[in-house]
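Taken together, the values in this text are just the output of simple stated rules run on the coordinates, not laboratory data. None of these values were measured; they are calculated from a predicted model. Backbone-built Cβ (ideal geometry, glycine too); neighbour counts: all protein chains shown.
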Amino acid sequence: MFIDNATVRIQSGSGGHGHISFYRARYVPNGGPNGGDGGNGGDVVFYTSTSINTLVDFRNRRLYKAEDGVNGSIFNRTGAKGKDLEIAIPQGTIIRDAASGRIIADMGKNARRVLAKGGRGGKGNQHFATPTRQAPKFSEDGKPGKAMEIVLELKLIADAGIIGFPNAGKSTLLSMVTNAKPKIAGYQFTTLSPNLGVVRGDWGAEFVLADIPGLIEGASEGIGLGHDFLRHIERTKVLIHVVDAADLENERDPVEAVKAINKELEAYNPELLKRPQIIVANKMDLLFGSEDTIEPLKAFAAENNWPIFAVSAATNKGLSDIMRAVSEILSQYPEDIIFEAEEEEFVPEEEIEESIIVEKDEEEGLFRVEGPGIERVLGYTTMVDEKGFAYFQRFMREKGIIERLEELGIQEGDTVQMYELEFDYYP
């Protein structure tokens, strides 16, 4: 089953907690702190594999989580790092942030990307000893892992794409110039998923050719099958536009057929019309000497500077000329089409760590103090310990939290909420 779009949730491992312990041995009554650090959480890593060509594995599993780091222990032992979670995806997969649609990474050939870094392990109490605080009874909790919802979107890596209305002969053309074996039949919508093949011959370097399932009018708005596969055209450097020159069934004018397909491409992504395009008038073997019927198509192609070839894919007539023309165009565009990642606004980690929000909640009748900075200090401060509480009070004054509360009009006896903790304010 060909699946080219999936939404999943990933979560890196949380860091292990720092340990609280003191050295104890015979004849050493006052050993110092020796609590070890917690191990870092595991990362979530995506990499591309040539053995995968669909996102079907992501259809039934929606959560991918790396291992948490191990807590620290006595004798300054650091906990083990959580095991990284490595996830294989097809080449050409674009990873987007589900909430904003921002492109995080375009995973091309041999790509590897750490998408969610594991949380940092917390520090053991050995790190908090000072000349005046020789027996710290607190440690630091590990940082939580990063969780996010992402969209995986596969855009096939192909040098040239075959487009056109259903039953124009696209699959036949692909089967005649590559080893691909697409389903071929005399009715529309035979091809239900893109097919890839490698073109090898004496006309130039080999290249990858993709048969894009039949587009129809309204495809860019979600009509028919074409809308599901328009994304696979976006990486192609050359468009091979196959037209049924005979069109015995629908009697569609070839010129109007080309215009209709190009209109859908423009509606989906205007950049597609800037790609080199080759017009292929197919099924010439069925015209029985009436080749003059494609003269309007030749004139239209000339107006747009598009090369045109009159061929019969079924009898392999004229296909070498097309492949030679494609190879020549590709020699001028050797680089793959890559979608640039859209970076988030950069905020230094230390700025995130220290950010503290102090605000007054009129509805609840209390003052609220939040932010990574305050959450971090609450994680390793023991309020029931006199020295720990004194340390916390000093932190509140040094960071300007008390001053900010006074500016907001706090009075004696008012409630201050810090996540799960609540305090009554007494200056």
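Set the bar at 26 Å for Cα to Cα. Now go through LYS274/LYS317; LYS117/LYS137; LYS263/LYS283 and name every pair that lies beyond it. Could the numbers behind the result be given before it?
Details: LYS274/LYS317 28 Å; LYS117/LYS137 29 Å; LYS263/LYS283 23 Å.
Those over the limit are LYS274/LYS317; LYS117/LYS137.
Report ³J(HN,Hα) in whole Hz for each residue of segment 22-38, in order, from the Karplus equation J = 6.51 cos²θ - 1.76 cosθ + 1.60 where θ = phi - 60°; Gly and Pro get x.
The phi angles translate into 10, 5, 10, 7, 4, 6, 10, x, 10, x, x, x, 9, x, x, 7, x Hz.
Kindly rank 322-332, 19-29 from highest to lowest mean number of other beta carbons found within 10 Å of each residue.
Numbers: 322-332: 17.5, 19-29: 12.6.
Most protected by this proxy first, the peptides run 322-332, 19-29.
Work through the residues other than ASN304 whose Cβ is under 14 Å from its Cβ and net out their charges, Lys, Arg +1 and Asp, Glu -1. Before the final figure, lay out each step's value.
Numbers: positive: LYS259, LYS263, LYS274, ARG275, LYS298; negative: GLU266, GLU303.
Net charge around ASN304: +3.
Apply the Karplus curve 6.51 cos²θ - 1.76 cosθ + 1.60, θ = phi - 60°, to the phi angles in segment 412-427 and return the couplings in whole Hz, x for Gly and Pro.
Karplus-based 3J(HN,Hα) across segment 412-427 equals 4, x, 5, 8, 10, 9, 10, 6, 7, 9, 10, 10, 9, 7, 9, x Hz.
Whose amide H sits under 5 Å from the amide H of LYS317, counting only residues 5 or more places off or on another chain, with H placed in the peptide plane?
Counting only residues 5 or more places away or on other chains, the set is SER312.
Would you order GLU364, GLU149 from fewest to most other beta-carbon atoms within 10 Å of each residue's own beta-carbon? Present the calculation step by step, with values, prior to reporting the outcome.
Numbers: GLU364 10, GLU149 14.
If I rank by nearby Cβ atoms, fewest first, I get GLU364, GLU149.
How would TYR47, TYR64 line up from fewest to most surrounding beta-carbon atoms within 10 angstrom? Could you put the intermediate results ahead of the total?
Details: TYR47 13, TYR64 18.
If I rank by nearby Cβ atoms, fewest first, I get TYR47, TYR64.
Which one, GLY42, THR93, ALA135, projects farthest toward the positive side of the charge dipole computed for segment 1-154 from Cβ point charges (K/R +1, D/E -1)?
Farthest towards the positive end: ALA135.
Can you give me the long-range amide H partners of PHE22? Hydrogens built in the peptide plane at 1.01 Å from N, cutoff under 5 Å, separation of 5 or more residues or another chain.
ASN34
Using the scaling law 2.2 N^0.38 Å as the reference, what is the normalised Cα Rg of segment 1-154? Show your work: numbers first, answer last.
On the way: Rg = 20.8 Å, N = 154, 2.2 N^0.38 = 14.9 Å.
Output field value: 1.39.
Counting other beta carbons within 10 Å of each residue's own, what order do TYR333, TYR426 fall into, fewest first? Walk me through the numbers on the way to the answer.
Values: TYR333 13, TYR426 7.
Starting with the residue having the fewest Cβ neighbours, the order is TYR426, TYR333.
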